[in-house]
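S.K.: Sending over a structure as structure tokens; questions will come in a sec.
The values are calculated or read from the model by the stated rules, or taken from the named source; none is laboratory data. Everything numeric in this text was worked out from a predicted model, so none of it was measured. Virtual Cβ from ideal backbone geometry, glycine too; neighbours counted across all protein chains shown. When the accessible area is computed, the model is the full protein with side chains, heavy atoms only, and any ligands, DNA or RNA have been set aside. Shrake-Rupley method; radii C 1.70, N 1.55, O 1.52, S 1.80 Å.
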Amino acid sequence: MRDILELRNVTKSFAGHGILPSKRTVYKAVNNVSFTIQKDTIFGLVGESGCGKTTLARSILLLDPPTEGEILYNNIPLTGLSRKKLLPYRMKMQIVFQDPHSALNPKMSIYKSMREGLVNRHYPKARIKERIEELLELVGITPSHMHRFPHEFSGGQKQRIVIARALSMEPELLVLDEPVSNLDVSIQAQIINLLLDLKGKISLTYLFISHDLNLVSYLCDRIGVMSRGRVVELADTEDIMSNPVHPYTLKLFSSSPGKMGTDTGRKGHPVNPPEGYSFSETRNTGKDTFSLVSFKNSHMVGCYEK
Amino acid sequence: MELTIKDLDVSFIQGDREAHALRGINLTVGKGEIHSLVGESGSGKTVTSTCIMGLLPSPPVRINKGEIFLDDINLLSLSEEDQRKIRGMKIAMVFQEPAKYLNPTLKIGVQITESLILHLGMSKTAAEEKALDILTTVGLGGGKRILHSYPHELSGGMKQRAMIAIAISCNPLFLIADEPTTALDVTLQEQILELIMDLRNKLSMGTLFISHDLRVVHDISDRISVIYAGKIVENSSKTELFAHPMHPYSRLLLKSIPDAEKRGTRLVTIPGKVPDAENIPPGCAFHPRCPFAEDICKIEEPEMKEYQEGHSAACHFCGTGKIQ
């Protein structure tokens, strides 16, 4: 299968405290992350808040370009491209944010909100209305409601509209940053079904960011677990569910609520790291010895060289 | 202490519009019991909790009928003065977003000691010592540093712990936790849930735990009530509810939870949304969304009936074998 997105040693750092450049600390929100996403799959990124999931997503979309590392889209490096040259790729990668209430401009009718993007990409004017109707229909919103304002819709409906807006650019990759965590459980299911349906109708690849392991394990083909800016485990869903390796993954799994007796095997037991490596930094060499090591075939685990 | 809500019926009035938020809630939370109230947003969970606390302003709120008893005190008939003595002292509440309910301009220490000084008449120094104790109880053993921190200096989980510390400072007999973990991560969520269970064991407080997520409730509750459109539709012990849910709504809620086991299948959804409190459908309020609805559901409102000991539900077809 073809890789649609490849991350090579992506690092995003922010300046920390200190006025003098020599004393200024550097905080690495995303630290040396590498992985690939294959076309037409769903890649899940899991981790606690503050672990760098959203920063990574913004880096991938070059909203906040990474400080170091490369991002390749269909094998074309995006980092270093000028704004103008980046534009066509921007359209191919769209994002859906967590909170649908703040993602839509309350003063604009949803028709206007959706029109903006289409106008900017010089979509034929005569067809804009038709296209918006088509998109709304696709996500299950009555097209005749398009002149309504965001407050007239419920949370789930707003999230549908946000998804429709992202789709108006005809993207290939959709980054979903916790798209359902602000919604009720029953509405979550509706949105998740919608995402799966859309994938069946249009060729789409998802990068799905969430802290909900139940959901990610249901939806995704491959999962990356993030902790403190690093990917600590990377594996196909079946592998990681049946055999979580990294201590942090184990911790996440055991604290996931509602272990309703169906998944006793999921708690797992502590697993030894691959030969010559350890899960915690044993000595401070001043060098970064962290890397992703193959545990079993494509099941990767992050550990430190001994 | 035992909390009993009897036939509580509450409306919001605005001009000639009336939103019927609660339509006869019956609920009993025993001593030392964690009772969960589960439902979608807009179903009346928070109205119930704020009504117990006496925090609903009237107008626009009108309590049509019903009583709330804490042991033998009728909370709804108390004067504002007496209510204030109960609030914080006997019943305490933890809110959903700690960041919103802590005063950003006051140090945590001041916010905890405030109620100690007010309710228990402690001196400032004694209150501070007690506050340190409480902080250790809730797992914020950072000593004086925490007392002198402002809310913005604490992380989300620490803020929620501080909220709980404020809530339990006067040794309340009853705790209301209104979605205390919704804004938190899974790992923090687990810690807060453990803390609430821990406090129940230590202080034998009755707890009303409000949530929209059945998975969270599964770990913590003794009993569960499912609320829909201002009415309780099912009430049962936790194990019973998860093993044999009766009401179609509870069954669908349980089925809509995503899980690795369900990979490759479509999730079960509940079509539509919770009815507007201004416009509740006649008959069984759930009938427009119910896959089992028949003509009788549109006309007649089902009564709450006990089908097994301690397990009751309000549906015409419960126990008939029709709901599969």
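S.K.: Which one is nearest to B:ILE224 (Cα to Cα), of the residues in region B:1-48 that are hydroxyl-bearing (Ser, Thr, Tyr) and modelled with pLDDT of 90 or more?
M.R.: Only one residue tops the list, namely B:SER36.
S.K.: State which residue is most open to solvent (accessible area, probe 1.4 Å) when the search covers only region B:197-212 and only residues that are of a type in the set (S, T, N, Q) and out of contact with any Gly (no Cβ under 6 Å at 6 or more places or on another chain).
M.R.: B:ASN201
S.K.: Specify the residue that is nearest to the other protein chains (Cβ to nearest Cβ); the eligible residues are those in region B:190-216 that are more than 15 Å from the chain's Cα centre (by Cα) and among the polar types (S, T, N, Q).
M.R.: In this case the residue turns out to be B:GLN191.
S.K.: Taking the residues in region B:217-226 that are touching a Lys or Arg at 6+ places or on another chain (Cβ under 9 Å) and more than 13 Å from chain A (Cβ to nearest Cβ) as candidates, determine which candidate is surrounded by the fewest Cβ atoms within 10 Å (Cβ to Cβ).
M.R.: For region B:217-226, the residue satisfying everything is B:ASP222.
S.K.: Let me ask something else. Residue under question is B:PRO271, and the condition is that it be free of Cβ contacts under 8 Å to residues at least 40 places away in the same chain, within 14 Å of another protein chain (Cβ to nearest Cβ) and not charged (D, E, K, R); does it hold?
M.R.: Yes, satisfied.
S.K.: Just a yes or no: is a residue in region B:287-298 under 29 Å from A:ASN193 (Cβ atoms), open to solvent by less than 70 Å² (accessible area, probe 1.4 Å) and within 14 Å of chain A (Cβ to nearest Cβ)?
M.R.: Checked region B:287-298: at least one residue is under 29 Å from A:ASN193 (Cβ atoms), open to solvent by less than 70 Å² (accessible area, probe 1.4 Å) and within 14 Å of chain A (Cβ to nearest Cβ).
S.K.: Can you list the helices (runs of 4 or more DSSP H) found entirely within region B:62-135 that contain at least 1 residues being open to solvent by 30 Å² or more (accessible area, probe 1.4 Å) and touching a residue at least 60 places away in the same chain (Cβ under 8 Å)?
M.R.: B:98-101
S.K.: Tell me, which residue of region A:14-35 that is of a type in the set (Ser, Thr, Tyr) and under 29 Å from A:SER255 (Cβ atoms) is surrounded by the most Cβ atoms within 10 Å (Cβ to Cβ)?
M.R.: Once the filter is applied, the top-ranked residue is A:SER34.
S.K.: Does any residue of region A:90-102 turn out to be surrounded by 12 or more Cβ atoms within 10 Å (Cβ to Cβ) and farther than 30 Å from A:LEU7 by Cβ?
M.R.: yes
S.K.: I need the full set of residues from region A:46-65 which are in contact (Cβ under 8 Å) with a residue 24 or more places away in the chain and within 14 Å of another protein chain (Cβ to nearest Cβ), in order please.
M.R.: A:VAL46, A:GLY47, A:GLU48, A:SER49, A:CYS51, A:GLY52, A:LYS53, A:THR54
S.K.: Would you kindly identify the strands (runs of 3 or more DSSP E) lying entirely within region A:195-262 that contain at least 1 residues that are in contact with a helix residue (DSSP H, G or I) (Cβ under 6 Å, 6 or more places away or on another chain) and within 12 Å of another protein chain (Cβ to nearest Cβ)?
M.R.: So the answer is A:205-210, A:222-227.
S.K.: Could you say whether any residue in region A:25-42 is at pLDDT 90 or above, of a type in the set (Lys, Arg) and either outside any strand (DSSP E or B) or touching a Leu at 6+ places or on another chain (Cβ under 8 Å) (or both)?
M.R.: yes
S.K.: Go through region B:299-324 and count every residue that is open to solvent by 40 Å² or more (accessible area, probe 1.4 Å), under 25 Å from the mean Cα position of the chain (by Cα) and at positive phi.
M.R.: Residues that pass the stated criteria total 0.
S.K.: Are there any pairs with C-beta distances below 7 angstrom linking a residue in region B:289-302 that is free of Cβ contacts under 8 Å to residues at least 40 places away in the same chain to a residue that is assigned to a helix (DSSP H, G or I) and surrounded by 12 or more Cβ atoms within 10 Å (Cβ to Cβ), with the two at least 6 apart or on different chains, and if so which?
M.R.: Between residues of region B:289-302 that are free of Cβ contacts under 8 Å to residues at least 40 places away in the same chain and residues that are assigned to a helix (DSSP H, G or I) and surrounded by 12 or more Cβ atoms within 10 Å (Cβ to Cβ), the close pairs are B:ALA293/B:HIS287; B:CYS297/B:HIS287; B:LYS298/B:HIS287.
S.K.: Kindly indicate the residue of region A:74-88 that is more than 13 Å from A:LEU63 (Cα to Cα) and charged (D, E, K, R) and also surrounded by the fewest Cβ atoms within 10 Å (Cβ to Cβ) among those meeting that condition.
M.R.: A:LYS84
S.K.: Among B:THR239, B:THR182, which is within 11 Å of another protein chain (Cβ to nearest Cβ), open to solvent by 30 Å² or more (accessible area, probe 1.4 Å), touching a residue at least 60 places away in the same chain (Cβ under 8 Å) and of a type in the set (S, T, N, Q)?
M.R.: Exactly one residue qualifies, and that residue is B:THR182.
S.K.: Right, another one. Among the residues of region B:248-261, are any away from chain A (no Cβ under 14 Å), over 25 Å from the mean Cα position of the chain (by Cα) and acidic (Asp, Glu)?
M.R.: There is no residue in region B:248-261 that is away from chain A (no Cβ under 14 Å), over 25 Å from the mean Cα position of the chain (by Cα) and acidic (Asp, Glu).
S.K.: Step by step: first the residues of region A:186-206, then only those that are closer than 17 Å to B:THR182 by Cβ and open to solvent by 10 Å² or more (accessible area, probe 1.4 Å), then the one that is modelled with the highest pLDDT. Which residue is that?
M.R.: It comes out as A:GLN188.
S.K.: Can we say A:ILE192 is in contact with a Pro (Cβ under 7 Å, 6 or more places away or on another chain), within 13 Å of chain B (Cβ to nearest Cβ) and either part of a helix (DSSP H, G or I) or among the small types (Gly, Ala, Ser) (or both)?
M.R.: yes
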